[in-house]
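The values are calculated or read from the model by the stated rules, or taken from the named source; none is laboratory data. Note that the structure is a prediction, hence the values are computed from the model and not measured. Methodologically, a virtual Cβ is constructed for each residue, glycine included, from the backbone with ideal geometry; neighbour enumeration extends over all protein chains shown.
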Amino acid sequence: MALTLNQAAKICSRSKSTLLDAIRSGRMSAPKDDRGRYAIDPAELHRAFPFQSQDRLPDRSPEPQPTISKNQTEPTDLALKREIELLREMLAKAETNADHWRALAERQQAFLEDKRLKEPRTLLQRLLGR
């Protein structure tokens, strides 16, 4: 369900002009409906202007998180280390690929350069078109 500009401004506690500025600058997308009014998707509004749900008050402190024991973090650490290793492998492959394409471009550039010796043409050669 799309929101009007008024509804969107009330939900995210911003002014309508702030929302209009965001739409015009491209930070938030909102197509116009048949009547020429903006139809704002709630997900797009939340992406551009994060707001808290109404059941949580902004002045409340966050709820305490359960403590994580040492045994629970080890699988996460292993997974993160593996992910780092995979990312490093991907980076190395990308660098190798970039080097390959750079060398190929340099070879192509060498083919485009004129390697012929420039001999001065005499007046007779210029007149005859040789």
Task: Matching entry among 83, 44 (being more than 14 Å from residue 8 (Cα to Cα), at pLDDT 65 or above and part of a helix (DSSP H, G or I)) - done: 83
Task: Selection within segment 3-38 - among the hydrophobic types (A, V, I, L, M, F, W, C) and within 17 Å of residue 51 (Cα to Cα) - done: 3, 5, 8, 9, 11, 12, 19, 22, 28
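Residue by residue, here is whether (1) at pLDDT 80 or above; (2) part of a helix (DSSP H, G or I); (3) exposed (fewer than 10 other Cβ atoms within 10 Å of the Cβ) holds:
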residue: 53; (1), (2), (3): no, no, yes
residue: 78; (1), (2), (3): yes, yes, no
residue: 108; (1), (2), (3): yes, yes, yes
residue: 120; (1), (2), (3): no, no, yes
